[in-house]
Each structure stands twice: as C-alpha cells, then as structure tokens.
Amino acid sequence: MKKDSQYDINIAKLADKTHHFAFDLDKAFFEQFDQQLIPDGQVHADVTLTKTDRLITVDFDLHGTVRQICDRSLDEYDQEVEAQEQLLVRFGDQNLELDDNVLQITPDTQTLPLAQHLFDYIGLSLPMKKLHPRFQDEPDENPEADAKLIFTTRQEGEDDEDDDNDGIDPRWNALRNLN
C-alpha cells in the first residue's frame with residue numbers, strides 16, 4: 001500500500017475526548033492496495049476516536065457496496081457491506097500489533113494510520129461464497145453436500161479397540177507395554 005496521509009489521524013494534536021471522522025472510500029482507495037479482492041467500491045466510514053491518557057478507542061461503522069466477481073458465473077456485481085469494528089490502541093515502549101484489534105504505539109507517535117484497518121474490516125465483512133444476487137435466492141441443488149463426510153480413516157463396523165493398533169508403527173506398540 002502506498003503511504004497516504006488522507007487516512008491518517010494526527011493523534012498528537014487531539015485533546016483527550018471523543019472525536020468524529022468520516023471517510024468516503026472509492027476506487028482510488030482500493031487501488032492503493034496491491035490486491036484483487038476488492039477492485040472498486042463506494043463505502044462510507046464513520047470513525048469515532050476516543051482518546052484518553054492511556055488508551056485510544058477507535059470505533060468503525062462501515063456501510064456501502066463493493067464490486068465483486070461471482071464465484072459461479074464470473075459476473076461482476078455490487079456486494080452490500082456493513083461492519084462495526086473496534087480498534088484499541090494503547091501506549092507502550094514500542095510499536096506492536098498485539099492482537100487483531102489491539103495495537104501498541106509509543107507515546108511519541110504522531111499519527112495513527114487507518115487505511116489498512118479500513119480495508120481489512122471491509123474485506124472481513126465480505127461473504128466467503130460470493131454469489132451474484134440472481135443466484136442467492138436459488139436453493140442449492142444438493143443441500144446435503146455440505147454435510148457429507150468426504151474422508152474418514154474409520155471404516156463402518158470397526159471397533160474402537162481396533163483403532164488403537166491399526167496403522168501404528170510396531171516400535172510405538174512396544175512403548176505402550178512399558179506402562
């Protein structure tokens with residue numbers, strides 16, 4: 001991703017209180033990232049930043065549409081996106097990502113870059129199976145296909161006792177006798 005200060009918040013100049021920011025994310029935003037997941041979109045991001053002397057809480061409210069390619073027909077369509085996420089930023093002795101939604105920054109950090117977080121939250125809100133709206137109302141041809149067991153090491157009718165010894169290296173069986 002290119003460095004873009006448009007999505008950076010200068011936290012050094014902010015007072016210890018709640019601040020509101022709004023971002024309109026369009027094709028130019030998504031082109032900053034070297035990716036093919038989201039080629040285009042129109043997403044509005046309302047960001048509420050609450051700053052205290054020890055912690056910064058950033059609440060994201062994202063809604064809009066992004067351009068997707070259908071997994072079934074390869075047709076492009078607009079996918080609705082809605083996400084509410086929270087990012088916690090605490091102060092420490094070095095810059096670290098402690099968890100998916102927890103960052104640690106040094107007290108002398110001037111800006112908080114939000115572009116990558118905005119993109120990640122939009123990407124996480126997308127469905128795993130991308131279907132054009134004309135296919136979403138169709139019932140699956142085989143609804144039991146998802147529940148079908150494809151691979152098993154256990155044959156029907158086998159006892160649990162046989163499982164203990166089948167497929168085990170005989171050297172390991174010798175170790176069992178030591179107990």
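The values are calculated or read from the model by the stated rules, or taken from the named source; none is laboratory data. As the structure is a computational prediction, the values presented were derived from the model and not from experiment. Positions of Cβ are backbone-derived with ideal geometry, glycine not excepted, and every protein chain shown enters the neighbour counts. Side chains included, ligands, DNA and RNA excluded: accessible areas come from the protein's heavy atoms. Shrake-Rupley method; radii C 1.70, N 1.55, O 1.52, S 1.80 Å.
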Worksheet item: Amide H of L103: which non-local residues (sequence gap of 5 or more, or other chain) have their own amide H closer than 5 Å, using H built in the peptide plane?
Response: L88, V89, R90, L98
Worksheet item: By average Cβ neighbour count within 10 Å, what is the ranking of 74-80, 93-99 from highest down?
Response: 74-80, 93-99
Worksheet entry | Antiparallel bridge percentage (DSSP; both residues within the stretch 1-129; nearest 5) | 90
Practice prompt. Go through the stretch 21-35 residue by residue and turn each phi into a ³J(HN,Hα) via Karplus (6.51, -1.76, 1.60, θ = phi - 60°); whole Hz please, and just put x for glycine and proline.
Written response: 9, 10, 10, 9, 9, 10, 4, 4, 5, 6, 6, 5, 9, 7, 7
Practice prompt. Hey, can you find the accessible area per residue of the stretch 26-108 for me, probe 1.4 Å, expressed in square angstrom?
Written response: 58
